[in-house]
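What follows is one structure encoded as structure tokens, with my remarks underneath.
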Amino acid sequence: MNLQDRKQLIEDSIRKACLRSGRARQDVEVIAVTKYVNLGITEQVLEQGWLHIGENRWQDAQEKWEKLGSRGTWHFIGHLQSNKVKDVIGKFQYIHSLDRISLVREIERQAELRQMEAYCFIQVNVSGELSKFGLSAEQFFPFVEALKAFPHIRIAGLMTMAPHEKKPEETRPVFRGLRLLRDQLNERNILGYEVPHLSMGMSNDYEVAIEEGSTWIRLGSILVGKDEE
Ligand SMILES: *Cc1c(COP(=O)(O)O)cnc(C)c1O
């Protein structure tokens, strides 16, 4: 299947998920995760009008970013080592994996040097799977309190990864849990501004994530094909 056909199918199921949950299509953005594919296919992805690109390692993203960086908005979605912050900051407009204070400190330092605000998502390990990065639900509010001391970091939203389930429906409590955390965060107004976004839902479970309020779905294999081209 070519990229255009895939896009139609995905677009169709996004629309249906929006309809089922009474949401507007424009409230859900797609991040095209291009970590599985090369520069040429990444360019085709942009040409299809998917203008948000997700990558999870700087080493793999570098060439794509250097050639195509100005043509889209770049999202760093993988675990970020502190010594890599200087490589991605200012290039990736969003970092989806803020999960510890040492990383916060380094992002703050690099953002201050550049006199910019760094837009980040707080990664929460809602499911509690040991193999996943992210804060536990208990760590979440103390972490947000601590963020107030870092004026160059701006929280755009929360991010999670659900466990891979054969039945996508089983991921629903994870997505709902993330939404509740965001809503509580906004009710308590800890940061002094509204935190609008939820980065949740991948190829296997994005329809459920949309029903639970996702505003950014991160699609890799379903969108660009894996090991195919
Ligand atoms: C790879 C990756 C995705 C995309 O995964 P698919 O299941 O291929 O859609 C989304 N989010 C993160 C953090 C990833 O690393």
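Read the figures in this text as sums done on the coordinates, not as results from a lab. Not measured: the values here are computed from a predicted model. Counting neighbours? That spans all protein chains shown, and the Cβs are built from the backbone with ideal geometry, glycine included.
In debye to the nearest 20, how big a dipole does the chain give about its Cα centre with +1 on each Lys and Arg Cβ and -1 on each Asp and Glu Cβ?
Value, rounded to 20: 280 debye.
Using only the Cα atoms, work out Rg/Rh for the chain, with Rh taken as the Kirkwood radius, to two decimals.
0.95
Could you tell me the relative contact order of the stretch 35-179? Use alpha-carbon pairs under 8 Å, at least six residues apart, and round to a whole percent.
18 percent
About its Cα centre, how strong a charge dipole does the stretch 130-180 have in debye, to the nearest 20, once Lys and Arg get +1 and Asp and Glu get -1 at the Cβ?
Once rounded to the nearest 20, the dipole reads 160 debye.
For labels at Lys16 and Leu130 in the simple 7 Å Cα→Cβ model, what's the distance in nm?
3.8 nm
Toward the positive end of the charge dipole of the chain, about the Cα centre and with charges on Cβ (Lys, Arg +1; Asp, Glu -1), which of Phe133, Gln93, Gln62 goes farthest?
Positive-most Cα among the choices belongs to Gln93.
Computed over the Cα atoms of the stretch 1-80, what is the convex hull's projected area averaged over all directions, in nm²? Don't skip to the end; give the middle numbers.
Details: hull surface 23.7 nm².
So the mean shadow area of the Cα hull is 5.9 nm².
Work out how far the C-alpha atoms of the stretch 90-185 reach from end to end along every principal axis, then list the three figures in whole Å, largest first.
46, 27, 23
Given the -39500 (n - 2.57) contribution per DSSP H run of 4+ residues, what per-residue ellipticity at 222 nm results for the chain, rounded to the nearest 500 deg cm²/dmol?
The helix-only estimate for the chain comes to -12000 deg cm²/dmol at 222 nm.
Pick out, in residue order, every one of the trypsin sites (Lys or Arg not before Pro) in the stretch 156-229 that is DSSP loop and has at most 16 other C-beta atoms within 10 Å; say none if there are none. Don't jump to the answer; show the numbers that get you there.
Working: sites: Lys166, Arg176, Arg179, Arg182, Arg188, Arg218, Lys226; in loops: Lys166, Lys226.
Those that pass, being in a loop and sparsely packed, are Lys166, Lys226.
What does the charge add up to near Ser70, with Lys and Arg as +1, Asp and Glu as -1, over the other residues with Cβ less than 14 Å from its Cβ?
Working: positive: Lys64, Lys67, Arg71, Lys91; negative: Glu43, Glu66.
Taking every Cβ under 14 Å from that of Ser70, the sum is +2.
Extension gain Met1-Glu145, at 0.36 nm per residue separation less the Cα-Cα distance, in nm?
Extra length available between Met1 and Glu145 comes to 47.1 nm.
Quick one: net charge of Phe140's neighbours, Cβ under 12 Å, K/R +1, D/E -1?
That works out to -1.
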